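Here is the structure we will look at.
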Amino acid sequence: MIKISAALMLVLGAGAASAQSVVATVTLPCVTPPEAEALVAAVVPELIGDVGRICAASLPETALVRQASGPFITRYRAEADLAWPRGRAAIAKITGPEIASLLNNDAARPLLASLITPALTRGLQPVDCAAIERIVVLAQPLPPRNTAALFVSIIQLVDAKRTASAKPRLPICQPGAR
């Protein structure tokens with residue numbers, strides 16, 4: 001179980017570098033795939049923004065991942081609002097019940113998104129941007145909830161191929177674990 005001080009650093013935003021070092025040294029409880037999907041759906045607008053920032057020099061302004069407004073991002077913002085209660089529950093599961101009450105305010109989601117999205121985009125290079133844009137374009141017709149599920153499946157696939165010493169991007173339970 002995560003210690004209170006580590007959870008507070010995660011939730012209260014002790015800076016991305018500090019939070020990432022805390023995550024790297026603490027064993028976190030896992031979340032189920034549906035919980036991970038809700039968490040991802042809750043931060044997709046910020047995730048798209050982070051990918052767009054990383055890919056700004058590699059993709060044209062018209063690329064979907066570079067859209068900060070319009071119908072594409074609006075759909076994901078609406079789903080993020082709907083997914084936040086389930087995403088908050090997933091974060092509470094990871095951080096422990098002591099921290100859950102800190103997540104019940106409007107500042108919690110953007111703060112958590114600013115900590116979670118760098119972990120999800122860790123290792124993304126400009127050379128990857130064209131492939132990511134293609135995936136986003138192909139997934140665009142899907143409902144945002146399905147897109148979040150697809151993204152979690154990709155994370156699971158990538159993490160399954162990691163060596164034991166490499167930390168997973170998101171602590172997703174293996175079948176049979178909780």
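The values are calculated or read from the model by the stated rules, or taken from the named source; none is laboratory data. This structure is a prediction, so every number in the text was calculated from the model and none was measured. Using ideal geometry, Cβ is built from the backbone for each residue, glycine included, and neighbour counts are taken over all protein chains shown. SASA here: full protein model, heavy atoms, side chains in, ligands and nucleic acids out. Shrake-Rupley method; radii C 1.70, N 1.55, O 1.52, S 1.80 Å.
Suppose we filter Glu61, Glu98, Glu79 for residues that are over 23 Å from Pro34 (Cβ atoms), open to solvent by 20 Å² or more (accessible area, probe 1.4 Å) and touching a residue at least 60 places away in the same chain (Cβ under 8 Å); which single one remains? Full working, then the answer.
Working: Glu61 fails: touching a residue at least 60 places away in the same chain (Cβ under 8 Å); Glu79 fails: over 23 Å from Pro34 (Cβ atoms).
Exactly one of Glu61, Glu98, Glu79 is over 23 Å from Pro34 (Cβ atoms), open to solvent by 20 Å² or more (accessible area, probe 1.4 Å) and touching a residue at least 60 places away in the same chain (Cβ under 8 Å), namely Glu98.
A residue that is open to solvent by 30 Å² or more (accessible area, probe 1.4 Å), among the hydrophobic types (A, V, I, L, M, F, W, C) and either at pLDDT 90 or above or over 20 Å from Thr121 (Cβ atoms) (or both) cannot be found anywhere in segment 32-43.
Out of Val158, Val127, Val136, report the one residue that is under 20 Å from Leu39 (Cβ atoms) and either open to solvent by 60 Å² or more (accessible area, probe 1.4 Å) or in contact with a Cys (Cβ under 8 Å, 6 or more places away or on another chain) (or both). Outline the logic, then answer.
Values: Val127 fails: under 20 Å from Leu39 (Cβ atoms); Val136 fails: either open to solvent by 60 Å² or more (accessible area, probe 1.4 Å) or in contact with a Cys (Cβ under 8 Å, 6 or more places away or on another chain) (or both).
Val158 is the lone residue from the list that is under 20 Å from Leu39 (Cβ atoms) and either open to solvent by 60 Å² or more (accessible area, probe 1.4 Å) or in contact with a Cys (Cβ under 8 Å, 6 or more places away or on another chain) (or both).
Would you call Glu79 under 13 Å from the mean Cα position of the chain (by Cα) and modelled with pLDDT of 90 or more? Here the answer is no, as Glu79 does not meet what is asked.
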